[in-house]
Amino acid sequence: MGYCTVADVRELIKEDMFNSILGDKYIDENDAEAVAKKEADITLLIENAIIDADAEINGYLSKRYSPPLTEPPAVLKKFSKDIAAYNLVSRKGVDEDNPEKTYLTRYNSAIKYLIMVAEGKIDIGTKEDTGAASAVEGFQFRSNRRLFSRESMRGW
């Protein structure tokens with residue numbers, strides 16, 4: 001299960017962007033078979049981009065968590081969408097002076113956040129957090145069994 005869905009990513013990217021990502025393979029938009037093939041190719045591209053995005057996210061999370069998370073916070077869904085969209089757009093290249101720079105900016109923001117999570121500077125707020133379990137579950141203290149007590153030392 002991914003952190004986001006095909007529909008989530010699809011709404012981030014405009015239809016004409018998919019035309020430039022796919023190239024000139026689908027020129028005849030009136031042919032129903034060609035349109036169906038184009039939609040299938042777009043869905044496959046998005047699914048692969050999501051798999052890559054989630055693998056990248058899990059790489060950062062593995063420093064403190066056991067990915068994939070069973071109950072991921074909403075922020076991971078957002079970053080998965082942003083990284084997957086960037087993965088798709090970067091197939092044709094991202095120009096710094098183009099409107100596509102937004103995808104690069106979102107991608108860089110996601111990576112900065114994930115780096116801070118990996119470094120332990122940010123807690124994503126799950127019980128699976130190994131670094132901040134005391135903050136989520138309360139304070140715990142463990143020690144060995146007591147060797148000397150008032151009862152065992154009575155009479156000395």
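The values are calculated or read from the model by the stated rules, or taken from the named source; none is laboratory data. Computed from a predicted structure; not experimentally measured. Virtual Cβ from ideal backbone geometry, glycine too; neighbours counted across all protein chains shown. Quick note on the areas: whole protein, heavy atoms, side chains included, nothing else; ligands and nucleic acids left out. Shrake-Rupley method; radii C 1.70, N 1.55, O 1.52, S 1.80 Å.
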Taking interchain pairs and intrachain pairs at least six residues apart, which have beta carbon atoms under 6 angstrom, with the first residue in the range 67-79 and on the phi < 0 side of the Ramachandran plot and modelled with pLDDT of 85 or more and the second in a loop (DSSP other than H, G, I, E, B) and among the small types (Gly, Ala, Ser)? Pro73/Gly125
If we keep only residues of the range 65-115 that are among the aliphatic types (A, V, I, L, M) and part of a loop (DSSP other than H, G, I, E, B), then the residue least open to solvent (accessible area, probe 1.4 Å) is Leu69
Counted residues, the range 1-38 - those being open to solvent by 90 Å² or more (accessible area, probe 1.4 Å) and either at pLDDT below 75 or not in a loop (DSSP other than H, G, I, E, B) (or both): 9
Could you please give the count of residues in the range 51-64 that are under 12 Å from Gly2 (Cβ atoms) and either touching a Leu at 6+ places or on another chain (Cβ under 7 Å) or open to solvent by 80 Å² or more (accessible area, probe 1.4 Å) (or both)? 3
The range 128-141 - residue that is in a loop (DSSP other than H, G, I, E, B) and at pLDDT below 60 and, of those, surrounded by the fewest Cβ atoms within 10 Å (Cβ to Cβ): Gly138
